[in-house]
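A short write-up of the structure that comes next.
The values are calculated or read from the model by the stated rules, or taken from the named source; none is laboratory data. Small disclaimer: the values here were computed from a predicted structure and weren't measured. Counting neighbours? That spans all protein chains shown, and the Cβs are built from the backbone with ideal geometry, glycine included. To get the accessible areas, we keep the full protein, side chains included, count just its heavy atoms, and leave off ligands, DNA and RNA. Shrake-Rupley method; radii C 1.70, N 1.55, O 1.52, S 1.80 Å.
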Amino acid sequence: MGTFGHKNSVLPGFGPTLGYTVFYLSLVVLIPLSALFFKTATLSWDQFLVAVSAPRVLASYRVTFGSALLAAAINGVLGVLVAWVLVRYRFPGRKLIDALVDLPFALPTAVAGITLASIYSPNGWLGRFLEPRGIKVAFTPLGIMVAMIFISLPFVVRTVQPVLEELDQEIEEAASCLGANRWQTFRRVTFPTMLPAMLTGFALAFARAVGEYGSIIFIAGNMPMVSEITPLLIITKLEQYDYAGATAIATVMLLASFILLLSINLLQKWSRHFAE
Amino acid sequence: MVMHKNGDSNSSSVSEPAWVRCLLITTALGFLALFLLLPLAAVFVEALDKGWQAYLAALQEPDTLAAIWLTLLTAVCCVPANLFFGVVAAWAIAKFSFPGKSLLITLIDLPFSVSPVVSGLIYVLIFGLQGWFGPWLQAHGIKIIFAVPGIVLATVFVTFPFVARELIPLMESQGRDEEEAALTLGASGLQTFFRVTFPNIKWGILYGVILCNARAMGEFGAVSVVSGHVRGSTNTIPLQVEILYNEYSYAAAFAVASLLALLALVTLAIKTVAEWKIRQVLSAAEAKPETEREPCYER
């Protein structure tokens, strides 16, 4: 303790609190996660490659990562729009709408799943209008994307919103005094300031959508090779007692989340750097 | 909450023409109505599809009552454990500086970036029949996977970061001057925490707890892997919703789901109040050093 500088010495409890933090973190998170790697390590390299690159598994990556990318991109654009409208404009019900943006965080995924499935089913509220026009949402990859848009909706809004609130409008005034029109001001001044936050939100939304399970399985139809997401494939393997296969695919998913987490951290560092 | 200087002013230099504003507001609200309000309304409409009688009857099914009971039990186990951890971790991280701090914060956030299915799987790998402790547990007649302990463990994992990640930035922003003053005046460590720190972070604690609780009661993916889906004994509310839905008893499924939707709405309401209170506490803390000076509204 003493080695970490005299500034710390006044407040008590550093040793026990840090000790308990590391202990509980190891017990609940680190040791269980390491079990996944140990289990994977018992597979031979060939077994591992076969398990993670079977055609059905590759198809599930395409569906999962492709849909998540599209969903995050749509949220990237519309999330910025929602954040902009909530920060810059005043209209009745704004506070209520602002609070409701977090609904996908609070609503359990299974509830979201059955609700979206019923809305977009052929005789649901929206399905009955979309189906005759040839747009099938429920039980297709499009449904997966709809569910992903729902559950990752708050991320971009909530990362961009504080940046817009902090943004000094004097800078925009200055740009306009120097002769920029409103669009030029947005494109050259406001947008670059929001960009790091927007990318952070995009990455968070993407990460959440990739791992999502509950809200998707009800609307996806879960057809192998077409609309089967990777998390569902892990569960399917597990139910067939193919522990090795499930573990290998889970390791790929976990590595993907680590890479995403790392890039999100770098993005956040970049946006902090940007803010200063 | 900072009021906007140019709230509704029409100065064209920093605002858009009225028609652009209308268009943007309409698009944003349309998007939110389609993706948020419509599903929310659908839960309640579908739940009451067969009338109040059927709604109440669906909630009084023995299996549903068992699921509600198990969900409450899970939350009662998880929330205090993660609350205690969150406060302890925030104290260590926010009030002291030490090497490896940012790595520690990243590791605490880790469960948020792991897929729920993977979160369940790791406990199967440890406690399942083919797992590390599986044979030993079976020999001693202890069931963790496909039983209540597994559900609690998986839920503790997925709700792990909520309290800590809310309290760390809040306590960091408040510094440690007040605590140091209390200690100098002779308070003990625990007195300092309960009399000085706690009043400053109580709304942050509420915020973390309410979100932790919502996730604990609503977790589906991780719990689904470890639960084994035994009706009436290892089904939580979300799993019960899934079973009813897959049996095509839609009205009953939505009736049970509406409980969780109500929980979500209550969570959002409390969260909004807590956020507002936290902002008040923070702005009061910011204003403090300036009390000697005249509050200045320059320009």
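Working with all protein chains in place, sort A:Ser53, A:Ser215 by solvent-accessible area computed with a 1.4 Å probe, largest first.
These residues rank, largest area first, as A:Ser53, A:Ser215.
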Practice task
Compute the distance in nm between two label points, each set 7 Å from the Cα along the Cα-to-Cβ direction, one at B:Lys277 and one at A:Ser26.
Solution key: 3.6
Practice task
Name the long-range amide H neighbours of A:Ser121: under 5 Å, sequence gap of 5 or more, or other chain; modelled H, no Pro or chain starts.
Solution key: A:Gly127
Exercise for the section: Name the residue, out of B:Glu172, B:Glu61, B:Glu247, whose mean-square fluctuation peaks in a Gaussian network model built on chain B with Cα pairs under 10 Å. Expected result: B:Glu247
Completion exercise
Normalised per residue, the volume inside the convex hull of the alpha-carbon atoms of chain A in Å³ amounts to 213
Exercise for the section: Could you order B:Phe254, A:Phe191 by accessible surface area, starting with the largest, using a probe radius of 1.4 Å? Expected result: A:Phe191, B:Phe254
Exercise for the section: Can you tell me the equivalent ellipsoid semi-axes for segment A:77-208? Use √(5λ) from the Cα gyration tensor, largest first, whole Å. Expected result: 35, 16, 14
Completion exercise
iface A-B | buried accessible area, total | probe 1.4 Å | Å², round 100 | 8500
Handout entry: Area of B:Leu38 that stays accessible when all protein chains are in place (1.4 Å probe, Å², to 10)
Key = 40
Fill in the blank from the handout: Here segment B:72-124 gives, from Cα atoms, an Rg and Dmax in Å of 13.8, 39
Exercise for the section: Compare A:Met253, A:Met198, A:Met223 in a GNM of chain A, Cα atoms joined below 10 Å, and give the one with the largest fluctuation. Expected result: A:Met223
Completion exercise
Mean-square fluctuation maximum in Gaussian network of chain B, Cα pairs under 10 Å, restricted to B:Leu190, B:Leu137, B:Leu259, hits B:Leu190
Completion exercise
B:Leu38 and A:His273 label points (each 7 Å along its Cα→Cβ direction) are spaced in nm at 4.2
Practice task
Give me Rg over Rh for segment A:93-161, both radii from the alpha carbons and Rh done the Kirkwood way, two decimal places.
Solution key: 1.05
Practice task
Kindly state, as a whole number, the per residue volume in cubic angstrom of the convex hull around the alpha carbon atoms of segment A:209-276.
Solution key: 102
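For chain A, return all DSSP H helices satisfying: extent of Cα atoms along own axis at least 27 Å; mean Kyte-Doolittle hydropathy at least 0.0.
Both cut-offs are met by A:55-88, A:141-166, A:191-211, A:243-275.
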Exercise for the section: For segment A:38-139, report the translational diffusion coefficient in µm²/s to the nearest whole number, using Stokes-Einstein at 25 °C, 0.890 mPa s, and a Kirkwood Rh over Cα pairs. Expected result: 138
Handout entry: Pairwise centroid distance, computed over Cα atoms, of segment A:231-273 with segment A:175-189, Å
Key = 42
Completion exercise
Sequence order, segment B:253-267: Karplus ³J(HN,Hα) from phi using 6.51 cos²θ - 1.76 cosθ + 1.60, θ = phi - 60°, Hz rounded, Gly and Pro as x, gives 4, 6, 4, 5, 4, 5, 4, 5, 5, 4, 4, 4, 5, 4, 4
Exercise for the section: Assign one of three labels to segment B:18-133, namely rounded, prolate or oblate, based on the Cα gyration tensor with a ≥ b ≥ c the square roots of its eigenvalues; rounded applies when a/c is under 1.5, prolate when it is not and a/b is larger than b/c, and oblate otherwise. Expected result: oblate
Handout entry: Once the Cα gyration tensor of segment B:122-277 is diagonalised, semi-axes √(5λ) in Å
Key = 39, 24, 10
Exercise for the section: Give me D for segment A:147-271 in µm² s⁻¹, whole number, from Stokes-Einstein with Rh from the Kirkwood sum over alpha-carbon pairs, 20 °C and 1.002 mPa s. Expected result: 124
Handout entry: Bins of 5 Å from zero: percent of alpha-carbon pairs in chain B
Key = 1, 5, 9, 11, 12, 12, 12, 11, 10, 8, 5, 3, 2, 1, 0, 0
Handout entry: Share of carbon and sulfur in the accessible heavy-atom surface of segment B:174-217 [1.4 Å probe, %]
Key = 62
Problem - Label-point gap, in nm, between A:Ile135 and B:Lys143 - each point 7 angstrom along Cα→Cβ - result: 4.8
Practice task
At 0.36 nm per residue, minus the direct Cα-Cα distance, what do A:Ala73 and A:Leu262 gain on full extension? Give it in nm, one decimal, please.
Solution key: 66.1 nm
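Take the solvent-accessible surface of the protein heavy atoms, probe 1.4 Å, and return the percent of it on segment A:1-145 that carbon and sulfur atoms account for.
73
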Practice task
Please list the radius of gyration and Dmax for segment A:33-95, considering alpha-carbon atoms only, with Å as the unit.
Solution key: 21.2, 62
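Taking only DSSP H segments of four or more residues, each worth -39500 (n - 2.57), what value at 222 nm results for the protein assembly as shown once the sum is divided by all its residues, to the nearest 500 deg cm²/dmol?
-23000 deg cm²/dmol
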Fill in the blank from the handout: Site B:Trp69, offset 7 angstrom along Cα→Cβ, radius 20 Å on amide nitrogen, limited to segment B:245-270, gives B:256-257, B:259-260
Handout entry: Relative contact order (percent, whole number), chain A, Cα cutoff 8 Å, 6+ residue spacing
Key = 28
Problem - 20 Å-binned pair-distance histogram of the protein assembly as shown (Cα, whole percent) - result: 19, 52, 27, 2, 0
Problem - Per-residue SASA entry for B:Asp177, accessible area with 1.4 Å probe, Å² rounded to 10 - result: 120
Handout entry: Derived scalar couplings ³J(HN,Hα) [segment B:20-35; Karplus, 6.51 cos²θ - 1.76 cosθ + 1.60; whole Hz; x for Gly, Pro]
Key = 5, 4, 4, 4, 5, 4, 4, 4, 4, 5, x, 4, 5, 4, 5, 9
